[in-house]
Amino acid sequence: MRFLIKVLVSAFALWLTTLIVAGVTVVPYEETEVATILTYLLIALIFGVVNAIVGTTIRIVAFPLYVITLGLVSFLVNGLLLLIVDWISDLMGFGLQVESFWWGVLGALVLGLLSWLIGLVVRPSRD
């Protein structure tokens, strides 16, 4: 249940991010509302998997850079992860489109902030 809530929160935050950041867009596989919602959910799922696997690996390997830069390198890593999700969804023929690396960094920053704020509101209980 917690995983489903996290995916829903990420999808909603991604939708808000595409409204705020001009360089980040989502192209659904069809022009229907259901297809658009499913595209956002699929991208949120892909982002969660990429963040869990690739993101964790990069954070472990780049730990000295995190310490030296006091965590500022995390903005660059999150932008890179958003570009990886762009690449994966592009292989499927629909999904996330990020115009450049710096749009990815800004999009990842906004996405992270929105996910955190929405997560505070809909935080699942630990029962």
(request) May I ask you to derive the relative contact order of the chain, considering only C-alpha pairs under 8 Å and at least 6 residues apart, and to give it as an integer percent? (result) 35
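Sort the following peptides by mean Cβ neighbour count (other Cβ atoms within 10 Å, averaged over residues), highest first: 32-42, 66-76. Before the final figure, lay out each step's value.
Working: 32-42: 15.2, 66-76: 13.4.
Order by mean packing, descending: 32-42, 66-76.
Using 0.36 nm per residue, how much length does the chain from ASP90 to PHE63 gain when fully extended, once their Cα-Cα distance is taken away?
Working: separation 27, 0.36 × 27 = 9.72 nm, distance 2.98 nm.
Result: 6.7 nm gained on full extension.
Can you classify the chain as rounded, prolate or oblate using the Cα gyration tensor, where a ≥ b ≥ c are the square roots of its eigenvalues, rounded means a/c under 1.5, and otherwise it's prolate if a/b beats b/c and oblate if not?
Working: a/c = 1.75, a/b = 1.24, b/c = 1.40.
Verdict is oblate for the chain.
Read-outs throughout are calculated quantities, based only on the coordinates presented, and are distinct from any laboratory measurement. From a predicted model like this one, the values you see are computed outputs, not experimental measurements. Cβ sites come from the backbone with ideal geometry, for glycine too, and all protein chains shown count toward neighbours.
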